[in-house]
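First the structure, in the form of structure tokens, and then the observations on it.
The values are calculated or read from the model by the stated rules, or taken from the named source; none is laboratory data. These numbers were taken from a predicted model, which means no experiment stands behind them. Heads up, the Cβs are rebuilt from the backbone with ideal geometry, glycines too, and the neighbour counts pull from every protein chain shown. Surface accessibility is based on the protein's heavy atoms, side chains included, excluding ligands, DNA and RNA. Shrake-Rupley method; radii C 1.70, N 1.55, O 1.52, S 1.80 Å.
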Amino acid sequence: MTKDKESKENCIFCKILEGTLPVSMICEDQEVAVFVDIRPIQEGHLLIIPKYHAPYMKDVDPATLQHMMVIAAKMNQALRKSDLRCEGVNLLVADGEAARQEVFHFHLHVFPRYKDDGFGLRYDPSRHFLKADRKRMDEIAAEIKRNL
Ligand SMILES: [Zn+2]
């Protein structure tokens, strides 16, 4: 990945915040903005973003991250009360290219789900969700703790 992709100059979300790209804005305050995703998983797919350029989660102020989650809870309720089809809600963060991040301005996806909506995370039952070994789980816990 090039540095270019991470720059503010090439950031479509910053252009939205600056008013140079069209947007269907839901709300904004001093810290965050919430708008409708142009390529939705479902109708009602929303994005919550910090109002400053921050490519990755590590670049976002902890207070902003907390605020984003509070706003996500409000959006969750608004989606459920709306006329849009919404039987459940997913929150999703893609942090880094390997996690399928496409816009390098940190964002939290909030989108409605309903039974048989055809969306899902793909997995291989021979590789994923296999019961883990306790010794290895303890090693992993220790490794994460060492890096806090
Ligand atoms: Zn940006």
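Details
- Boolean, V70 is farther than 23 Å from R122 by Cα and surrounded by 15 or more Cβ atoms within 10 Å (Cβ to Cβ): no
- Of all residues in segment 24-59, those that are surrounded by fewer than 18 Cβ atoms within 10 Å (Cβ to Cβ) and among the small types (G, A, S) total 1.
- Condition check for A63: open to solvent by 60 Å² or more (accessible area, probe 1.4 Å) and in a helix (DSSP H, G or I): no
- Per-region count, segment 91-105, residues closer than 16 Å to R39 by Cβ and away from the ligand (no atom under 16 Å from the Cβ): 2
- Taking segment 79-118 as the range and being part of a loop (DSSP other than H, G, I, E, B) and under 16 Å from the mean Cα position of the chain (by Cα) as the test, the residues that pass are V93, A94, D95, G96, R100, Q101, E102, V103, F104, H105, F106, H107.
- Which listed residue, of L108, L79, L17, is of a type in the set (A, V, I, L, M, F, W, C), away from the ligand (no atom under 16 Å from the Cβ) and surrounded by 12 or more Cβ atoms within 10 Å (Cβ to Cβ): L79
- Residues in segment 18-37 that are under 30 Å from G120 (Cα atoms) and out of contact with any helix residue (DSSP H, G or I) (no Cβ under 9 Å at 6 or more places or on another chain): 3 in all.
- Pick from segment 20-62, criterion more than 13 Å from the ligand (Cβ to nearest atom) and basic (K, R), ranking: nearest to L91 (Cα to Cα): R39
- Criterion applied to Y123, Y114 was being hydroxyl-bearing (S, T, Y) and modelled with pLDDT of 95 or more, and the one residue passing it is Y114.
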